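The values are calculated or read from the model by the stated rules, or taken from the named source; none is laboratory data. The structure displayed is predicted, hence computed values, not measured ones. Counting neighbours? That spans all protein chains shown, and the Cβs are built from the backbone with ideal geometry, glycine included. SASA here: full protein model, heavy atoms, side chains in, ligands and nucleic acids out. Shrake-Rupley method; radii C 1.70, N 1.55, O 1.52, S 1.80 Å.
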Amino acid sequence: MSIQYLKQGKPETERTEEDVKVREIVKTTLSDIEARGDQAVRELSEKFDNYTPSTFRLSESDIEHLIGKLSERELKDIRYAQEQVTTFAQAQRDSIKDIEIETEPGVILGHKTIPVQSVGCYVPGGKFPMVASAHMSVATASVAKVPRIVACTPPFNGEPNPGVIAAMHLGGAHEINVLGGIQAVGAMALGTESLAPVHMLVGPGNAFVAEAKRQLFGRVGIDLFAGPTETMVIADETVDAEMCATDLLGQAEHGYNSPAVLVTNSRKLAEETLVEVERILSILPTADTARKSWADYGEVILCDSYEEMLKVSEEIVSEHVQVMTDRDDWFLENMTSYGALFLGPRTNVANGDKVIGTNHTLPTKKAGRYTGGLWVGKFLKTHSYQKIVTDEAAARIGAYGSRLSMLEGFVAHAEQCNLRVRRYGGANVPYGTGAPAIEDIE
């Protein structure tokens, strides 16, 4: 096997140093929010967004006014995209069933699926107003029937973005706040004088938002670690350099630290893509961002075989993986670690981001090894229950439970079981008493 890097990004040591800096900033900021509440949030909003309204929460009239700024076409497009997302989310929800089985006579086990009772949805929007992110979090939470959905998004160019607010409102948000960054995530999780805390945080964000969610995990639930976007293009000579370069830069424009990786078994395609990237950057309106991201985080990896391409992809674990080869289904069958797959040249990550219906909040930083992306199931909790409905079953299970408790040395546990054996086992207690009653132990 021979893997060649025709282009590499920053070394891992430098990326780790940046993560440490972010971690310290977030820790200090969250402590300040917890200590000073609304005052800290207001100061942070003024510092980072130059935005300090009398209240960050929008009223119904505020929402109606903002939605009124959108054209009929824009509203139809938002509704269309939201319909695709909710249709798929509803199909997923319908696949999740409550169950109840009788494992043996008189013993009934089951589980119920219950929505998380309050969710904070973060929708990025400081650099680009992420209208689609509102569908992915707010609308999906609505399909799950979450009773309280709080949505936060930063101001865009100094004011609420009408498209984002419309998507939040149409998606079913109960509270909409124009608030961004660590201050939004911290306020939703920790609570302030004006914002009651939520039980769970969801949604993508920059490195600071992702780190804030990581540090808050445990106090609240989170969907996953969804930091700066990542993309990988796996391609062979069935596609050309224009398509590969376009798909790489389509995600690199997100931010200054968005990894974009080409994995190919064609030296010709690799070299032509490097040239094509530079051509597109020379005319791309968002080139300032994309160029920095490509310079620091872009990679072109040349492999000898499809098996080697698969191995590289499994090691990198990108958030978005665009597969354009003569064996796309082979990659679908064999890949195990990624955020989402986009199969074939007709498919692209932007469609997944904006409209096709799958959720675009996906795992980054190799989290695809142990979790998938946000989906309706993330808003649901599966709770088990059990009941014994016959005397015979109570005595039978009780005897086993007593003996197994004593095997571990748990005498009081055993007595819980013994009590049922004595009470429901009848005069003969056919299954044995397991361990003696507590009062008989010297």
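Numerical summary
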{"item": "Filter result (open to solvent by 50 Å² or more (accessible area, probe 1.4 Å), in contact (Cβ under 8 Å) with a residue 24 or more places away in the chain and assigned to a helix (DSSP H, G or I)) within segment 323-349", "result": "Trp330, Asn334"}
{"item": "Residue check for Val85: touching a helix residue (DSSP H, G or I) at 6+ places or on another chain (Cβ under 6 Å), touching a residue at least 24 places away in the same chain (Cβ under 8 Å) and open to solvent by 10 Å² or more (accessible area, probe 1.4 Å)", "result": "no"}
{"item": "Some residue of segment 20-34 being among the polar types (S, T, N, Q), farther than 18 Å from Gly126 by Cα, modelled with pLDDT of 95 or more and open to solvent by 90 Å² or more (accessible area, probe 1.4 Å)", "result": "yes"}
{"item": "Residues located in segment 96-125, provided they are open to solvent by less than 50 Å² (accessible area, probe 1.4 Å), in contact (Cβ under 8 Å) with a residue 60 or more places away in the chain and either among the hydroxyl-bearing types (Ser, Thr, Tyr) or in contact with a Phe, Trp or Tyr (Cβ under 9 Å, 6 or more places away or on another chain) (or both)", "result": "Ile108, Gly110, His111, Thr113, Pro115, Val116, Ser118, Val119, Tyr122"}
{"item": "Residue within segment 242-252 that is touching a Ser or Thr at 6+ places or on another chain (Cβ under 7 Å), among the small types (Gly, Ala, Ser) and open to solvent by 10 Å² or more (accessible area, probe 1.4 Å) present", "result": "no"}
{"item": "Conditions (1) within 26 Å of the chain's Cα centre (by Cα); (2) open to solvent by 50 Å² or more (accessible area, probe 1.4 Å); number of the one not met by Ser61", "result": "(1)"}
{"item": "Considering residues of segment 280-322 that are in a strand (DSSP E or B) and in contact with a Phe, Trp or Tyr (Cβ under 9 Å, 6 or more places away or on another chain) only, the residue surrounded by the most Cβ atoms within 10 Å (Cβ to Cβ)", "result": "Gln322"}
